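**Student:** Structure provided below as structure tokens; questions to follow.
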Amino acid sequence: MVIEAIKPFFSEPWNSWLEISYEIRIVMWKQFMTKCSWSDCHANEVDHIFQLKAALRVKEHLYKARNKLVKPSWLNDEVWSKFLILWDTPEYKAKRERGKANRASEMGGSLHTGGSMSFATHQRRLILFLSNPFIHFLLYFITAEKYLFMSLPFNP
């Protein structure tokens, strides 16, 4: 439903949700509001979820189009040709290569190796598992260094 509200207004080669001007995002939101209804007390939450889902859907659809080099049916020919030109520039290719190298890197203090669970989720689970508050820096080492987690003596 979210992507259906976005598609009719995708008139420029925007690579991400935040590249879309605020005015156009408001129009997309209003289009979404015509298709769905909710209680006024949930308006802020629905708006927040719409923003998150819209960003994700734009990313997913453009990723698929770029990798397969197949124009999505909802994208007009002019915008598609602009995307092809943009994706073929040396600057864009260099940016993609930098991102690929950064994702593959295992260096750096902020490397998250806890899988799909967030740091906070790991913390909540460990607190429940250990039945006492867990020290923040120790949690970091447990999630950053998986071998350390396996060597800690636990007595639940």
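Every read-out reported here was derived from the displayed coordinates using simple, explicitly stated rules and does not represent laboratory data. Everything numeric here is computed off the predicted structure, so don't read it as measured data. Backbone-built Cβ (ideal geometry, glycine too); neighbour counts: all protein chains shown.
**Student:** Show which aspartates and glutamates lie in cross-link reach of Lys95 when reach means a straight Cα distance below 17 angstrom and same-chain residues fewer than eight apart are skipped.
**Tutor:** Within the straight-line cut-off, Lys95 pairs with Glu19.
**Student:** Answer with one residue from Ala65, Leu86, Pro13: the one whose Cα lies farthest towards the positive end of the charge dipole of segment 1-94, charges on Cβ with Lys, Arg +1 and Asp, Glu -1.
**Tutor:** The listed residue farthest towards the positive side: Ala65.
**Student:** Just tell me which lysines come within less than 18 Å, Cα to Cα, of Lys53; anything on the same chain fewer than 8 places away is out.
**Tutor:** Of all the lysines, those that pass the test against Lys53 - Cα under 18 Å, at least 8 places apart if same chain - are Lys7, Lys30, Lys35, Lys64.
**Student:** May I ask you to compute the full-extension gain from Phe119 to Trp74, defined as 0.36 nm times their residue separation minus their alpha-carbon distance, rounded to one decimal in nm?
**Tutor:** Working it through step by step, the gained length comes to 12.4 nm.
**Student:** Testing the spin-label approximation: label points 7 Å from Cα along Cα→Cβ at Ser39 and Asp88. State their distance in nm.
**Tutor:** Output for this residue pair reads 5.4 nm.
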